[in-house]
Each structure stands twice: as structure tokens, then as C-alpha cells.
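Please read the structure below before turning to the comments.
The values are calculated or read from the model by the stated rules, or taken from the named source; none is laboratory data. Worth saying up front: this structure is predicted, and the values here are computed from it rather than measured. FYI the Cβ positions are ideal-geometry reconstructions off the backbone, even for glycines, and counts take in every protein chain you see.
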Amino acid sequence: MSAWQLRQPVTTQSDDETLLETLISTPLTPTRSWQKPIALRSLDEHRHQALSGYRLRTWVDHWLHHAERLFGIAALLIFGWWVVDGPVRDWWHAQQALRHAPPVAASPRATAVVRLATPETPARIVPAGVPLPFTTPDMQQPLPAEGFLAPRSPVEAVEEQGAPQPRRLVIPALGLDTPIVEVFIVDGAWQVADYAAGYLHGTGLPGDPGNMALAGHAGLRGAVFRDLGRLNPGSDIFIDAGPWRYHYRVRETRNVWPTEVGVLDPTPTPTITLITCTNWDTQRLIVIGDLVGAQPLTGE
């Protein structure tokens, strides 16, 4: 007998008949309960079929993915620009200032002299309707052409007003000693000085009846007025102008809206007004002081 014949199952005719009878007598399964034919697929193909419409990427997913990348790159560029234009720029300016700072020489003590200007000195004024410094473009108001104050040289200002412009601000309570530069109205808004206090062109002069206004940053670009909110009534403010140092004393501090330009109005007595932004640049911090005396500067 061959090996193939040995591997064949041994069945009898009765078994075949029994199986045939069983198949004939068994009722058919309803059509709706029939199972789909089995198909053999790879793991990847099976995952593709099972997750179709759920986790598979569509054109929307690809678009969102690229948009997310672009947003991340833009955020990094904006943050990098802020770092370079802000803290890095401030640090570099401080290093340059230390490198080029002249040696400090001790100056002899000057005798205190009270020098109050006469009431006949004319008070300078600024155009009406111009918001306070640090005004954002959406707050700016158009300025009539006839109201624009053109820059003038310090010599012209001295000849017209009879007093020099401020050049240095010292506030001992804040440890502040900063230069003063003149700023003007450009396109209906005040310029803002960097790394210095800005003297608002058209406001009063040191020692003369009138309201002398100075503005400074509270954030970056020197942030000369970042601690201005620490001043209290009675604090001292010193202004150097020409051969004199003028001594002012803080009278009050308050917050105003950018359009409350009345704080720049002329005053009958020598007054100083310090301005900076506060409350997330929505308001302006105002510090007002009165002149109490002056003394000559010697050794400078």
C-alpha cells in the first residue's frame, strides 16, 4: 500500500450518508445574518481600513500642521526681535555709556540761592488737542498745520524765553540721574526720548513761571521713569539748566487718561510735571512738583 493511501482518512458509506442527510435537513441561515468573506490583510492595511475617517490625515490636517509650524516660526521671530530690540539693546547702551562716561570730579559745595523768576516772564504753551506722550496710533488725533511747533535750536529758545532749557534730571529718592533731550510733536503725537527724559517742547522753562513737562519710558529703552510711582509728596527733584540747579518738591501724584491734556496747562508759578505710562499703557502717571529754590552749579 502506498504512503498516499495511508494518509487518506478512513470513512465508511454510512458516515457519508449521515452527513448528507444532516446537510439536507438543516435549514438555511437567513441571508441578513451571512458573514462577509474573510480577507487576509497586512497589519498596515488592516490599520488603514479600521482607522479610516478617524486618525488618517486629510488635506485639512496637513494645512493645520503647516500653519502650526508657520505660527511657531513667527512667534520665535517676534520674540527674538523683542529681545534684541529690548533687553539686549538696553544692555548694549549701558555698556557704551560706561565706556564713554567721563571721569567724575568732585565739585565744591555751592551756596544755596533762591532764584524765583519774575511774574512778567511769558509762559510757553503747547498746542491744544494733542494727547499726552506715549499715545498709541489709535489714540492719536490730527493736529492742524498751524498748530505744529517746528523744532528750534537751544540758542533761539534761550533768546526768546531768557532762560536755558533743562539738560539733566536728578531724583535722589529713585537713584535717577539722566540727561534731558527736547522732544517735539510729530504727526499729531509727542516724540518719546530713548535712554533719557524728554522735555516737551513748548512747556515752561526751569525757574520761570509756567509748567515744565518731562516724559520718560517706564518699560524698555532706558526706562528712566520705571520707578516714578514710588515718589511721594515731599520728594526732591533737581533740574540742571545753564549754570543753575533748580530744586523742585513733589506736591501730588495721580493717574489720568491720555486725553486729559489739562496737566500740561501753564501755571502762574514755576511747576514741574513728570509723565510716564501706567496700567498697561492705558493711563498716564503724573507727578507734579513746585519750585522751592535754586543754587549755582560750580566745577562743571
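Of note:
- Residue that is modelled with the lowest pLDDT, among those in the stretch 178-192 that are within 20 Å of T259 (Cα to Cα) and among the hydrophobic types (A, V, I, L, M, F, W, C): V192
- Screening the candidates Y195, Y199 for the property of being of a type outside the set (V, I, T), assigned by TED's automatic domain parsing to the domain that holds I275, at pLDDT 95 or above and closer than 26 Å to R89 by Cβ yields one hit, Y199.
- Unmet criterion (only one of (1) more than 30 Å from P296 (Cα to Cα); (2) surrounded by 10 or more Cβ atoms within 10 Å (Cβ to Cβ); (3) modelled with pLDDT of 70 or more) for V126: (1)
- Criterion: touching a residue at least 24 places away in the same chain (Cβ under 8 Å) and under 30 Å from V83 (Cα atoms) - qualifying residue of L291, L231, L205, L264: L231
- Odd one out for R254, checked against (1) free of Cβ contacts under 8 Å to residues at least 40 places away in the same chain; (2) in contact with a Pro (Cβ under 8 Å, 6 or more places away or on another chain); (3) of a type in the set (K, R): (2)
- Selection count where residues are surrounded by 20 or more Cβ atoms within 10 Å (Cβ to Cβ) and part of a loop (DSSP other than H, G, I, E, B), scope the stretch 224-240: 3
- Some residue of the stretch 254-261 being in contact with a helix residue (DSSP H, G or I) (Cβ under 7 Å, 6 or more places away or on another chain), closer than 18 Å to G229 by Cβ and not acidic (D, E): yes
- Selection from the stretch 229-259 of residues that are within 23 Å of V130 (Cα to Cα) and not charged (D, E, K, R): T253, N255, V256, W257, P258, T259
- Output for the stretch 242-300, where each listed residue is out of contact with any strand residue (DSSP E or B) (no Cβ under 8 Å at 6 or more places or on another chain) and hydroxyl-bearing (S, T, Y): T259, T282, T298
- Identity of the residue in the stretch 241-300, among the aromatic types (F, W, Y) and assigned to a loop (DSSP other than H, G, I, E, B), that ends up surrounded by the fewest Cβ atoms within 10 Å (Cβ to Cβ): W280
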